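Participant: Provided herewith is a single structure, encoded as C-alpha cells, for subsequent inquiry.
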Amino acid sequence: MLVQPTDISGVLVILPKRHGDRRGYFSETYNRQSLAEAGIHFDFVQDNESLSAEAGTIRGLHFQGPPFEQTKLVRVLSGAIFDVAVDLRRGSPTYGAHIGVHLTAEEGNQLLIPAGFAHGFCTLEPDTRVFYKVDKHYSAAHDAGLIWNDPEIGIKWPIPGQQAILSEKDSQLPGFANFESPFIFDSHG
C-alpha cells in the first residue's frame, strides 16, 4: 500500500495496489500488518456503507464526540466523491482548516481521517456507494456535526450550493463560529 501524507497532520491518502489482468483486478484494500508497518495503528470495529442515488448529494460534516470519537478509513465502491476532513483539534496548527480529496472507485484511493475531525463528502456521480471503517461504534448520544457550507470553514464544494441534496438533519447543523471543540491536539501522535 502506498501511504501519502496531506497538508494536515494525521490525514493520509492510502492507495492499495491493484493486480490486474484481462479478467479485471484484485486489490487488498485493508491489511492491518501493512498499515502498522507504515505507522498506522487503528483497531477498526465497524464497517459502514452509504448509497447516494443522485450526484450532488452531500453528507456531513459529521463527527462523534468523546469518548466515541472515530477514526475513519473511507473508500468508494462505485462512483466518485469529493471527500472532506475538517480539523477540530484545539491546539492544532491547522485547527479549522480542511482538506478535500477526490476518491473514486476507478482509482481505489482511500482517505484516513483521524479522530478529532469532522467528515463530509459530495457525490460526483449517480449511484455512488461509499464504504468506511471506524474504530469506535456509533453512539447516537455523541453524534454531532457542523453545517456543510459554513463560510468560516470555506470548503470549495464542486457543486453550486442551491444544487446540494441534503438530509433534513444535515441542513440544520450549527456553524463553526460558536463551536466549542471537545477534541485536543496531541503533537505526540
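Participant: For the condition in contact with a Gly (Cβ under 8 Å, 6 or more places away or on another chain) and under 30 Å from G20 (Cα atoms), what is the one hit in R89, R75, R59? Quick ask: steps written out before the conclusion?
Facilitator: Values: R89 fails: under 30 Å from G20 (Cα atoms); R59 fails: under 30 Å from G20 (Cα atoms).
Only one candidate qualifies: R75.
Participant: Taking the condition of being touching a Pro at 6+ places or on another chain (Cβ under 6 Å) and closer than 18 Å to V84 by Cα, how many residues in region 139-183 meet it? Reasoning before the result, please.
Facilitator: So the first thing to find is which residues in region 139-183 are touching a Pro at 6+ places or on another chain (Cβ under 6 Å), and the list is 182.
From what's left, closer than 18 Å to V84 by Cα: none.
Residues meeting the conditions: 0.
Participant: I would also like to ask the following. Working only within region 7-23, note down all residues that are closer than 25 Å to V86 by Cα and surrounded by fewer than 16 Cβ atoms within 10 Å (Cβ to Cβ). Break it down stepwise before answering.
Facilitator: Narrowing region 7-23 to residues closer than 25 Å to V86 by Cα: 7-16.
Listed by number, the residues that qualify are D7, L15.
Participant: Here's a follow-up. Can you tell me which residue within region 57-109, out of those that are hydroxyl-bearing (S, T, Y) and in a strand (DSSP E or B), is surrounded by the most Cβ atoms within 10 Å (Cβ to Cβ)?
Facilitator: Step one: filter region 57-109 for residues hydroxyl-bearing (S, T, Y), giving 57, 71, 78, 92, 94-95, 104.
With in a strand (DSSP E or B) added as a condition, the list becomes 57, 78, 104.
On the way: T57: 22, S78: 15, T104: 16.
Applying the filter and picking the extreme gives T57.
Participant: Please work out which one of (1) surrounded by 19 or more Cβ atoms within 10 Å (Cβ to Cβ); (2) farther than 20 Å from P66 by Cβ is the condition K133 fails and give its number.
Facilitator: K133 satisfies every listed condition except (2).
Participant: Output the number of residues of region 155-184 satisfying the condition of being of a type outside the set (A, V, I, L, M) and under 17 Å from the mean Cα position of the chain (by Cα). Step through it out loud before you land on a result.
Facilitator: Kept after step one, since they are of a type outside the set (A, V, I, L, M), are these residues of region 155-184: 156-158, 160-163, 167-172, 174-176, 178-183.
Narrowing further to those that are under 17 Å from the mean Cα position of the chain (by Cα): 156-158, 170, 183.
Selection size over region 155-184: 5.
Participant: Here is a list of conditions, (1) hydrophobic (A, V, I, L, M, F, W, C); (2) over 22 Å from R129 (Cβ atoms); (3) exposed (fewer than 15 other Cβ atoms within 10 Å of the Cβ), and F26 meets all of them except one; can you say which number that is?
Facilitator: (2)
Participant: For region 126-145, which positions are over 20 Å from L73 (Cα atoms) and assigned to a loop (DSSP other than H, G, I, E, B)?
Facilitator: Matches in region 126-145: P126, D127.
Participant: Residues of region 166-178 being surrounded by fewer than 17 Cβ atoms within 10 Å (Cβ to Cβ) and hydrophobic (A, V, I, L, M, F, W, C), which ones? Break it down into steps so the answer makes sense when it comes.
Facilitator: Here is the first cut: in region 166-178, the residues surrounded by fewer than 17 Cβ atoms within 10 Å (Cβ to Cβ) are 167-169, 171-172, 174-175, 177-178.
Matches in region 166-178: A177 only.
Participant: Could you identify the single residue in H98, H102 that is under 13 Å from the mean Cα position of the chain (by Cα) and farther than 30 Å from G24 by Cα?
Facilitator: Working: H102 fails: farther than 30 Å from G24 by Cα.
The match here is H98.
Participant: Report the residue count in region 154-189 for those that are over 18 Å from P114 (Cα atoms) and part of a loop (DSSP other than H, G, I, E, B).
Facilitator: Of region 154-189, the ones over 18 Å from P114 (Cα atoms) are 154-180.
Now drop any that are not part of a loop (DSSP other than H, G, I, E, B), which leaves 154-160, 164, 166-167, 172-180.
Residues in region 154-189 being over 18 Å from P114 (Cα atoms) and part of a loop (DSSP other than H, G, I, E, B): 19 in total.
Participant: If you don't mind, there's one more thing I want to ask. Do you know which residues across region 1-48 are in contact (Cβ under 8 Å) with a residue 24 or more places away in the chain, among the hydrophobic types (A, V, I, L, M, F, W, C) and within 17 Å of H102 (Cβ to Cβ)?
Facilitator: I8, V11, L12, V13, I14, L15, listed by residue number.
Participant: Right, here's the next one. Would you check if there is a residue in region 151-171 being at pLDDT 95 or above and in contact with a Leu (Cβ under 6 Å, 6 or more places away or on another chain)?
Facilitator: No, the conditions are met nowhere in region 151-171.
Participant: Quick one: what pairs do we get from region 118-139, first residue among the aromatic types (F, W, Y), second surrounded by fewer than 17 Cβ atoms within 10 Å (Cβ to Cβ), C-beta under 6 Å, 6+ apart or different chains?
Facilitator: F131/E49; F131/L77; Y132/N48
Participant: Now for a separate question. When region 48-86 is examined, which residues are found to be touching a Pro at 6+ places or on another chain (Cβ under 7 Å) and either modelled with pLDDT under 95 or among the polar types (S, T, N, Q) (or both)?
Facilitator: Once the filter is applied, which keeps residues that are touching a Pro at 6+ places or on another chain (Cβ under 7 Å) and either modelled with pLDDT under 95 or among the polar types (S, T, N, Q) (or both), region 48-86 yields only T71.
The values are calculated or read from the model by the stated rules, or taken from the named source; none is laboratory data. In this text, all values refer to a predicted model and were calculated from it rather than measured experimentally. In this analysis, Cβ positions are derived from the backbone assuming ideal geometry, glycine residues included, and neighbour counts consider all displayed protein chains.
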